[in-house]
Amino acid sequence: MQRVIYFLMIFTYTYADHPALKTLLSEKGLRGVSQMMSVRIQSKLKTTPLPEVQGGVDIGIGTVEYTLSNMQVVQCSMPDPSLVFLEGTGVSVEVSQLTLGITGNWRTKFGIIHDSGSFDLAVYNIQIDTLLQLGDKAGHLSITTVSCSADIGGVDIQFHGGASFIFQPFVSHFKGKISGMIREKICPAIQQAISELERNLQEMPVNIPVDKYIYLSVPLTSSPAVTGQSFELDIKGEFYSRSSPSEPPFSASVFEVQSTDNYMLSVAASEFFINSAAYAFLSSGVLQINIREDMIPKSSPIHLNTSQFGAFIPQLRTLYPDMEMQVLLYASETPLVSFSSGVIGVHVLAAAKFSAVKPDGTLLPLFTLNVDASFNGSARIEKNLTGAFGMKNLTLTVGSSEIGDFKTDSLKTMLVVAVKVSVLPKLNAALKIGFLLPALPGFSLINSQLLVKNGFVAIFTDVEDTLTGV
């Protein structure tokens, strides 16, 4: 359960009024969690050493002191736990018909007489009922135990070796002793495990570094919404510049994702989620590049040289003949992504500042071109997340000029051809291969579907525990 909650948090206080990320666990997802819990509980029990038991048995002529030690679960069987959403509260967990087979060693002391041997213990029909409350504590997911009860259907024990025949008649005493001990320890053990999970949740960072430039803020914006059919986390989901964090000039909008029981998990991100990343990169000064002649492939028909650019801007040949050029290309405003009915739109406002390079390496400003470009694309999930984009529109205007007026028609034609012939084919070739969706170690996403809606994109998926195959 802990790994699943971490999974929801990773896939998930703000100046923004609304969350930019949402994760929903459906009833099918809860059934999947139940199956994972069954496998993991049985595996955990078989590898967990049990504490030794000490006591005494009155045999009429005195008390025999005994110790049961080196106990190990060697057999464990149980149906999948029953997990049910309780609206407004959390999750009800019911474990029934849990049966354990335990082996161990026994030692006895009766006066100066010492004896030892082994034993086999079977515990039948263990029943556990727990109610877990889910909440929000300072932006962290909170989980607490509201109630817990445990019962044991029966115990059977067989002693072997030594003078075990003496103790076999007192099995009924051991049954009651061990049954009571196990019953008393079940709920405290569950409460301790939940407390440890709660502590881990509170220690989870709400600001996650992405790279050296930006980080992602993921506190909850409200308490978890628990209905009879789903469990929803609303997460801030805003990126910030690490060097100069600030709020973008746009805000998150309301969006709603409907839970579907056809999939275990739904993860949705609004336009704000993506666009805040672009703003964070812009604020960090990352969205710019200096393009030099030595970066241009020799096979390129166009090179950064005033004589070649003179074909588009005649005065360059006259004013600065045969000089190398350099271009500072940068985003003049935040690139914005939009989602609408299956279409992903990208709008880019950029500027290209052209300079001539003097023999001593200093730059001589020439002119600045403003680029306004928009692209449309689509995305889907096959094995990987794939996509494709095409150009919708591009305009090119002169922002400023140190060499007088000139027309941009031929430059625009060249730029459009370059984007369509060189940039987009390389981009789409990479997007055709795609990339794997992120997941926690030990989990994989299967049967995934991506839908682009108005204002947000959603991924509906099933989750497989790769460690158990469930």
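Using the Cβ of GLY32 as centre and a radius below 11 Å, the other residues enclosed give a net charge of -3, where K and R count +1 and D and E count -1. One quarter of the convex hull surface built on the alpha carbon atoms of segment 176-310 amounts to 17.3 nm², the projected area averaged over directions. Among the protein heavy atoms, those of ARG317 account for about 120 Å² of accessible surface (1.4 Å probe, every chain in place). When the Kirkwood hydrodynamic radius is evaluated over all pairs of different C-alpha atoms of segment 352-452, what value in angstrom, to one decimal, is obtained? In segment 352-452 this quantity evaluates to 17.1 Å.
Diffusion coefficient (Stokes-Einstein, Kirkwood radius over C-alpha pairs, 25 °C, 0.890 mPa s) for segment 249-335: 141 µm²/s, rounded to a whole number. Shown are LYS298, LYS28, LYS432, LYS358, whose ranking by accessible area with a 1.4 Å probe and every protein chain present, most to least, is LYS298, LYS432, LYS358, LYS28. Applying the Kirkwood pairwise sum to the alpha-carbon positions of segment 318-402 produces a hydrodynamic radius of 15.4 angstrom.
Taken over segment 92-132, the convex hull of the Cα atoms encloses 95 Å³ per residue.
Pairs spanning more than 23 Å between alpha-carbon atoms, out of LYS22/LYS137; LYS22/LYS212; LYS22/LYS392; LYS358/LYS420; LYS392/LYS412: LYS22/LYS212; LYS22/LYS392; LYS358/LYS420. Over the chain, the ratio between the Cα radius of gyration and 2.2 N^0.38 Å evaluates to 1.47.
Computed extension length for ILE208-ASP462: 88.9 nm, one decimal, from 0.36 nm per residue of separation with the Cα-Cα distance subtracted.
Taken along its principal axes, the alpha carbon cloud of segment 28-124 reaches lengths of 61, 25, 17 Å, longest axis first.
Translational diffusion of segment 81-219, estimated by Stokes-Einstein from the Kirkwood radius over alpha carbon pairs at 25 °C in a medium of 0.890 mPa s, is 131 µm² per second.
The accessible area of THR63, taken with all protein chains in place and a 1.4 Å probe, comes to roughly 80 Å². The calculated Kirkwood hydrodynamic radius for segment 224-369 is 19.3 Å, given to one decimal from all distinct C-alpha pairs. Proximity of backbone amide H atoms, modeled 1.01 Å from N, is registered between ALA252 and ASP17, HIS18 at under 5 Å, excluding neighbours fewer than 5 places apart on the same chain. THR318 contributes about 110 Å² of solvent-accessible surface, heavy atoms of the protein only, 1.4 Å probe.
Convex hull volume of the C-alpha atoms in segment 372-430, normalised per residue: 90 Å³. Seen from LEU451, the other residues with C-beta closer than 15 Å to its C-beta sum to a net charge of 0, counting Lys and Arg as +1 and Asp and Glu as -1.
Taken over segment 220-298, the percentage of Cα pairs per 5 Å bin, counting from 0 up to the bin with the maximum distance, is 3, 12, 17, 15, 12, 11, 10, 8, 5, 3, 3, 1, 0.
When HIS303, HIS114, HIS160 are compared by accessible area of protein heavy atoms, the largest-first order is HIS114, HIS160, HIS303, using a 1.4 Å probe.
What whole-number distance in Å separates the alpha-carbon centres of segment 389-428 and segment 239-313? Measuring centre to centre over Cα atoms gives 18 Å.
The values are calculated or read from the model by the stated rules, or taken from the named source; none is laboratory data. Small disclaimer: the values here were computed from a predicted structure and weren't measured. Cβ coordinates were reconstructed from backbone atoms using ideal geometry, including for glycine residues, and neighbour counts include every protein chain displayed. We work out accessible area using only protein heavy atoms, side chains counted, and drop any ligands, DNA or RNA first. Shrake-Rupley method; radii C 1.70, N 1.55, O 1.52, S 1.80 Å.
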